[in-house]
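In what follows, a single structure is set out as structure tokens and then discussed.
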């Protein structure tokens, strides 16, 4: 049976360990994390300094200005960690460095009271795993979902204690990190869309795996991985950008997928104007929990898919957005610019299935109304089956929703993104996987070279190098 410690117990466990000693710097939501350590007792054994630099001029004087002019951002947090950790080493290493694991905790947070739509923050701890050891970082981005400011501050304090305790207690057991970070928090209190652990003592930790686990356990709606394989904050990445999202399986990503993204960019230029592509983000999205599927995707498989997407030069998103309108709402928190959603016409039945919107008071009409508007278009690519091409124009919706379908079609919010003749040679991921399992080599020319090499090198999706055969 799992034993859950209270937040005060976790803070006290850090306090009574004489080798842990550090500083706390908190901006924007009170000294909520330091407060727990003081309340737990024995804080004098752990806390060298606490501070809050609320005034912007004071904050800039201490940590320097951000080029963006923003204060709640990752770059600000990293400057805070740099400053506070360096001060600890400079001032205290000579007197106690041989017996102390120093740490610096920092956060920069914006809270609200229901009027402010997005309450969020960056939190992190820089720490040593042995006296005079190298510095390691544990950084997260969190959205505070409680309605009222005091509740948000309480959640922030709990999360901050978990962060410090996790740095010292759980890094040797990566499978326990997400549970440790979210201990004593209730579902719906926070959403953590970014967790990144770096440093010479943390090389065994897979940040991609951690991100996927956050989504699977419903502590995040989605996580995003950049082409260099690093996790990124979704809010930071999509901020004031035009966004193109291709939803698929990507097992693996194929040249056909890349061609679709290029077609989508051309379509955006045509529909919204060339200037809307001056700064855009292309995302390949995989939905992790799909109610209509009996078997859920395994973490190892998802990691492989993310790696293949990144090697193709695209951002990979793992999400819980089974319904497109939830994806749209999430993106709209950070960008009001055009949003293009790409989907195979094969899945249009689910999009216009009234059962899919049973949780909405206005049903299907409300769901589609929340999804499609003048700045959000859905582009569907045709599908060939038995020499018959299904497209937006040839699709026959159920008579109960026919009028709704025709409305969105005539409004230009639902579109064929390419002609049937252009899609006839489209290669789906399922075809690539089938060829790989059959040990047929023609799959190699239908995926990007870097993806081909990855599949061969790491034997993804059943690849076996011996006795490869052609037709």
* Which one of 387, 416 is at pLDDT below 90 and farther than 30 Å from residue 336 by Cα? -> 387
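Quick one: which of 218, 255 is surrounded by fewer than 18 Cβ atoms within 10 Å (Cβ to Cβ), assigned by TED's automatic domain parsing to the domain that holds residue 288 and touching a residue at least 24 places away in the same chain (Cβ under 8 Å)? So that I can check it myself, show each step before the final result.
Values: 218 fails: assigned by TED's automatic domain parsing to the domain that holds residue 288.
Going through 218, 255 in turn, the sole match is 255.
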* Quick one: which helices (runs of 4 or more DSSP H) lie wholly within region 394-471 and hold at least 2 residues that are buried (at least 17 other Cβ atoms within 10 Å of the Cβ) and under 31 Å from the mean Cα position of the chain (by Cα)? => 429-437, 449-458
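Take the conditions modelled with pLDDT of 90 or more and under 25 Å from residue 404 (Cβ atoms) and apply them to residue 326. Does it pass?
Yes: the conditions hold for residue 326.
When you check residue 230 against the structure, is it free of Cβ contacts under 8 Å to residues at least 24 places away in the same chain and either surrounded by fewer than 21 Cβ atoms within 10 Å (Cβ to Cβ) or under 23 Å from residue 351 (Cβ atoms) (or both), yes or no?
no
For every residue, the table says whether it meets (1) touching a residue at least 40 places away in the same chain (Cβ under 8 Å); (2) farther than 28 Å from residue 203 by Cα; (3) under 22 Å from the mean Cα position of the chain (by Cα).
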site	(1), (2), (3)
67	no, yes, no
93	no, no, no
103	yes, no, no
135	yes, no, no
142	yes, no, yes
152	yes, yes, yes
* Scope region 17-31; condition modelled with pLDDT of 90 or more and either in contact with a helix residue (DSSP H, G or I) (Cβ under 8 Å, 6 or more places away or on another chain) or on the phi > 0 side of the Ramachandran plot (or both); matching residues -> 17, 18, 20, 21, 22, 23, 24, 25, 26
* Taking region 325-340 only, how many residues are closer than 19 Å to residue 367 by Cβ, surrounded by fewer than 22 Cβ atoms within 10 Å (Cβ to Cβ) and in contact (Cβ under 8 Å) with a residue 12 or more places away in the chain? -> 6
* Asked: In region 247-262, what residues are outside any loop (DSSP other than H, G, I, E, B) and in contact with a helix residue (DSSP H, G or I) (Cβ under 6 Å, 6 or more places away or on another chain)?
  -> 255
* Asked: Somewhere in region 172-179, is a residue assigned by TED's automatic domain parsing to the domain that holds residue 28, assigned to a helix (DSSP H, G or I) and more than 22 Å from residue 8 (Cα to Cα)?
  -> yes
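Considering each residue of region 180-201, count those that are under 19 Å from residue 235 (Cβ atoms) and assigned to a loop (DSSP other than H, G, I, E, B), and give that number.
Looking only at region 180-201, we keep the residues that are under 19 Å from residue 235 (Cβ atoms), and these are 181, 188-196.
Now narrow it down to the ones that are assigned to a loop (DSSP other than H, G, I, E, B): 188-189.
Of the residues in region 180-201, 2 are under 19 Å from residue 235 (Cβ atoms) and assigned to a loop (DSSP other than H, G, I, E, B).
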* To do: Evaluate region 42-49: report whether one residue or more is touching a strand residue (DSSP E or B) at 6+ places or on another chain (Cβ under 6 Å), touching a residue at least 12 places away in the same chain (Cβ under 8 Å) and surrounded by fewer than 21 Cβ atoms within 10 Å (Cβ to Cβ).
  => yes
* Scan of region 179-205 for residues that are under 23 Å from residue 130 (Cα atoms) and touching a strand residue (DSSP E or B) at 6+ places or on another chain (Cβ under 8 Å), ordered by number -> 181, 195, 196, 197, 198, 199, 200, 201, 202, 205
* Structure fact -> Condition set modelled with pLDDT under 95 and part of a strand (DSSP E or B), scope region 109-141, selection surrounded by the fewest Cβ atoms within 10 Å (Cβ to Cβ): answer is 110
* helices (runs of 4 or more DSSP H) within region 307-386 that include 1 or more residues over 24 Å from the mean Cα position of the chain (by Cα) -> 348-351, 363-371
* Look at residue 54 and say whether it is part of a loop (DSSP other than H, G, I, E, B), without any contact (Cβ under 8 Å) to a residue 60 or more places away in the chain and either under 26 Å from the mean Cα position of the chain (by Cα) or surrounded by fewer than 18 Cβ atoms within 10 Å (Cβ to Cβ) (or both). => yes
* Structure fact -> Among 205, 244, the single one that is farther than 26 Å from residue 447 by Cα, in contact with a helix residue (DSSP H, G or I) (Cβ under 7 Å, 6 or more places away or on another chain) and either free of Cβ contacts under 8 Å to residues at least 60 places away in the same chain or part of a strand (DSSP E or B) (or both) is 205
* **Matching option when the condition is touching a helix residue (DSSP H, G or I) at 6+ places or on another chain (Cβ under 9 Å) and in a helix (DSSP H, G or I), among 265, 270** => 265
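The values are calculated or read from the model by the stated rules, or taken from the named source; none is laboratory data. All values derive from a computational prediction rather than experimental measurement. Methodologically, a virtual Cβ is constructed for each residue, glycine included, from the backbone with ideal geometry; neighbour enumeration extends over all protein chains shown.
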